Amino acid sequence: MEITFRTPDAAQAIRQVADEAAYMLVGAGTVTTKEQAEAAADAGARFIVSPGFSEKVASFCKEKDILYLPGCVTPTEIMKAMEYGIQTVKFFPAQIYGGEKAIEALSAPFGNITFVPTGQPERISSKSEDTGLWRKLDGERKVLGNRRL
């Protein structure tokens with residue numbers, strides 16, 4: 001469960017889920033600063049998701065062994081994430097940055113990277129009736145999709 005840091009009660013909500021539903025994997029989303037990452041980790045977050053890449057957040061998460069999914073849409077951002085040992089990146093907002101075609105192109109030089117497109121990926125390809133194309137492109141390439149319920 002991802003609880004976004006777009007509310008002042010995010011850390012409290014993470015703590016409550018971590019304490020009362022230990023069987024759930026709870027993390028923090030929309031984390032933009034190291035301070036937010038620290039607050040989330042202190043509250044029990046087991047993963048951090050950001051809309052962009054932050055070296056400070058990446059360093060903190062690496063030091064604390066917390067999964068970090070930064071938003072990366074360019075080769076430079078992906079390479080920077082790789083320098084921190086990150087192998088899964090958030091592709092956000094997918095629709096604006098080229099969607100399926102962009103991920104397919106980026107998968108050629110970055111075949112070891114898993115992309116998690118967000119921002120209504122199911123609307124990117126009008127030719128597809130389901131989001132299955134987001135789960136797998138061309139064999140081995142790993143792509144995950146999201147759908148808000």
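The values are calculated or read from the model by the stated rules, or taken from the named source; none is laboratory data. What you see is a predicted model, and the numbers here were worked out from it, not measured in a lab. Because the Cβ atoms are built from the backbone with ideal geometry, glycine has one as well, and the counts that use them run over all protein chains shown. The accessibility values were calculated without ligands, DNA or RNA, using every heavy atom of the protein model including side chains. Shrake-Rupley method; radii C 1.70, N 1.55, O 1.52, S 1.80 Å.
Assorted remarks:
- Hits in the stretch 59-82 (condition: of a type in the set (Ser, Thr, Tyr) and either part of a loop (DSSP other than H, G, I, E, B) or open to solvent by 80 Å² or more (accessible area, probe 1.4 Å) (or both)): Thr74, Thr76
- Selection count, the stretch 83-106, where residues are in a helix (DSSP H, G or I) and either open to solvent by 70 Å² or more (accessible area, probe 1.4 Å) or touching a Ser or Thr at 6+ places or on another chain (Cβ under 8 Å) (or both): 5
- One residue from Glu55, Glu77, Glu63 being without any contact (Cβ under 8 Å) to a residue 40 or more places away in the chain, touching a Phe, Trp or Tyr at 6+ places or on another chain (Cβ under 7 Å) and of a type outside the set (Lys, Arg): Glu77
- Given (1) surrounded by 14 or more Cβ atoms within 10 Å (Cβ to Cβ); (2) assigned to a loop (DSSP other than H, G, I, E, B); (3) aromatic (Phe, Trp, Tyr), index of the condition Tyr23 fails: (1)
- Verdict on Gln87 being out of contact with any Lys or Arg (no Cβ under 9 Å at 6 or more places or on another chain) and without any contact (Cβ under 8 Å) to a residue 24 or more places away in the chain: no
- Per the conditions (1) open to solvent by less than 60 Å² (accessible area, probe 1.4 Å); (2) assigned to a loop (DSSP other than H, G, I, E, B); (3) not aromatic (Phe, Trp, Tyr), the sole criterion not satisfied by Val17 is (2).
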